[in-house]
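Step one of this worksheet: look at the structure below.
Just so you know, all these numbers are worked out from the coordinates, no wet-lab data involved. Here the structure is a predicted model, which is why all the values come from computation and not from measurement. Glycine also receives a Cβ, built like all others from the backbone with ideal geometry; neighbour counts cover every protein chain displayed.
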Amino acid sequence: MKRKILGHQVADQLFAAEAAIDGALSAVATLTAMLPTARIEARLSAIVGQGVFDRSSQTIAALIEARRGIVETHRELSGVQHSIGLGAVALAPLGPLAPDT
């Protein structure tokens, strides 16, 4: 029983970490998407702020790498889960996995 409880705690934290990375990725992508419009509306030369564009796109790349890492962690934990005899961990659904048709 203790393993099952611990499995649920680990799963909860894993899903929280996944959501946090996705949230950060979404926020930085939104910021990055705003930059060209803000530059144009402020009537600034394309030369101004190029470093900002560079850094925000580098941040997106780093978050994608972090997401890849948490996905691999998820896969590894699934393997451990099965190897120690724990069944699937049921949680409330996060929403549809694919758009409704």
Plugging the Kirkwood radius over Cα pairs into Stokes-Einstein for the stretch 1-86, at a temperature of 10 °C and a viscosity of 1.306 mPa s, what D comes out in µm²/s?
103 µm²/s
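Report the far tail of the P(r) of the stretch 1-40, meaning the percent of Cα-Cα pairs longer than 14 Å.
On the way: 496 of 780 pairs.
Value for the stretch 1-40: 64 percent of Cα pairs lie more than 14 Å apart.
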Considering only Ile47, Ser26, Gly7, whose Cα is most displaced toward the positive end of the charge dipole of the chain, charges sitting on Cβ of Lys, Arg (+1) and Asp, Glu (-1)?
Gly7
Roughly how tilted is helix 50-83, in degrees to the nearest 10 and between 0 and 90, from the longest Cα axis of the chain?
10 degrees
Once the piece of chain linking Asp12 and Ile47 is laid out straight, how much longer is it, given 0.36 nm per residue of separation minus the C-alpha distance between them?
8.1 nm
Between Arg67 and Lys2, what is the spin-label point distance in nm, taking each point 7 Å from the Cα along the Cα→C-beta axis?
3.8 nm
If you put +1 on each Lys and Arg Cβ and -1 on each Asp and Glu Cβ, how big is the dipole of the chain around its Cα centre, in Debye rounded to 20?
180 debye
Percent relative contact order of the chain, based on C-alpha pairs within less than 8 angstrom and at least six residues apart?
44 percent
Modelled label-to-label distance, Arg75 and Met34, 7 Å Cα→beta-carbon offset: nm?
3.5 nm
Candidates Ser45, Ser26, Ser56: whichever shows maximal mean-square fluctuation once the chain is modelled as a Gaussian network with Cα springs under 10 Å
Ser45
